[in-house]
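The block underneath contains the structure these notes are about, expressed in structure tokens.
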Amino acid sequence: MTARARQWLLAAVTFAVVVAVTGGWLAYLNARSTPHHQQTAPGAQAVPDFDGGLTVRLLSLVVTPTLVTDKEPAHAPAGAAYVVALVDYEPQADGTGCWLHLLAVDGRRWSMLDPLELPGRRELPSNCSASPGDATTRAELIYLIPEQATGALAGLVSSGLAHRSTEAYPVLTPPQ
Amino acid sequence: MRGRATQWLLAVVACLAMIGLHAFTGEFPQESVRQVQLGQAARLYGSTITANSWTIGQVLYEDDRFVGRSGVMFLAVNVTVATDSPQELRSEWQVGGTANGHTLAARADLRPPQPGFTRTQDVVFELNPDDLAGFTLTVLDRAPIFAFDPQLNIDLGITAQHAADELERARYATVRAASGSIQVIR
């Protein structure tokens, strides 16, 4: 092999290594910044947030066009429906809340409805602010979603997406 | 001589690459601005925004609630936002306006509706009548890090003559702004 050929070979090898390292690094960054989800076993407990927080179990996911309140009932707009997620949680002393999104199988996610948007109060609280030792450790999270999405719901996920990791976010699944 | 020039060239290219990388990754605020016209739909992440119309007046009602009488005037821009994509939910956008080199803030933020819904609402500004001509509505989706955040500049198409005619007609009128209700995208 001539000296010139060796130089060309060295340049080609260097170029290939640079491309491989850059490609691998970009793929890792992409995987790290793209949220992944993993379904929990039906009815299983999980900690939705990576940075600790509440241990939550999804007890049921009920779709309804009308919500009963202590005043007048709330009716969903035409073509939409309410989804009531009943959750059980382990209270924490610091009063950590449960801000969970409702996730559809196509990746769409809805944030919780503000209880002030309802005409009255519901029986269960819409937050997870109970203290350790309190009798009620249940809460219901209410969502308003398009009716056609109600048949393809995956469960509840963390509302925070800022955490960068290749680890999957747990998706709380209701019991079958 | 040639070797030394190559070294300097490499150093300059490396410096420019570092500056470009910092700009891209957010060390410097950057906006990626798109110009659209009144009535023209434009995308901002997973949503579509359309400015439909505008009205002016001196008295403002929001959802039938009296807000006040302005010492100058109110401008209400009717906007429709539809979220029809599964992209990450955005909590709010920075809404403002520019005219005659002035930057104006809207009375309230614009919140994109949740996936599958559309919302039509009014964005209200209080401004000097001289700033009506050439008014441009700006909607900026500011990310936690500044890296080419998308911004829409919506030209309301208000010419000097148009502004003069409208001020003559509706300068002291009542603006009835709506915070809007959501509807399902069919």
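The values are calculated or read from the model by the stated rules, or taken from the named source; none is laboratory data. Since this is a predicted model, take the numbers as computed values, not measurements. Heads up, the Cβs are rebuilt from the backbone with ideal geometry, glycines too, and the neighbour counts pull from every protein chain shown.
Here are some notes:
- Of all residues in the range A:78-102, those being within 10 Å of another protein chain (Cβ to nearest Cβ) and surrounded by 15 or more Cβ atoms within 10 Å (Cβ to Cβ) number 4.
- The residues listed here are A:Pro77, A:Pro48, A:Pro35, A:Pro42; of these, the one that is within 22 Å of B:Arg111 (Cα to Cα), in a loop (DSSP other than H, G, I, E, B) and either modelled with pLDDT under 90 or not aliphatic (A, V, I, L, M) (or both) is A:Pro77.
- Across the range A:103-148, the number of residues qualifying as within 14 Å of chain B (Cβ to nearest Cβ) and in contact with a Pro (Cβ under 9 Å, 6 or more places away or on another chain) comes to 11.
- Selected residue [within 16 Å of B:Asn52 (Cβ to Cβ) and surrounded by 19 or more Cβ atoms within 10 Å (Cβ to Cβ)] from B:Leu75, B:Leu132: B:Leu75
- Within the range A:46-66, the set of residues being surrounded by fewer than 15 Cβ atoms within 10 Å (Cβ to Cβ) and of a type in the set (D, E, K, R) comprises just one member, A:Asp51.
- You will find that of B:Pro150, B:Pro112, the residue that is under 23 Å from B:Ser32 (Cβ atoms) and either β-branched (Val, Ile, Thr) or outside any loop (DSSP other than H, G, I, E, B) (or both) is B:Pro150 and no other.
- Hey, A:Ser126 out of contact with any helix residue (DSSP H, G or I) (no Cβ under 9 Å at 6 or more places or on another chain) and assigned by TED's automatic domain parsing to the domain that holds A:Val157 or not: no
- Looking only at residues of the range B:84-129 that are within 14 Å of chain A (Cβ to nearest Cβ), at pLDDT 90 or above and touching a Gly at 6+ places or on another chain (Cβ under 8 Å), we find that the one that is surrounded by the most Cβ atoms within 10 Å (Cβ to Cβ) is B:Pro115.
- Strands (runs of 3 or more DSSP E) fully within the range A:95-176 counting 2 or more residues that are on the phi > 0 side of the Ramachandran plot: none
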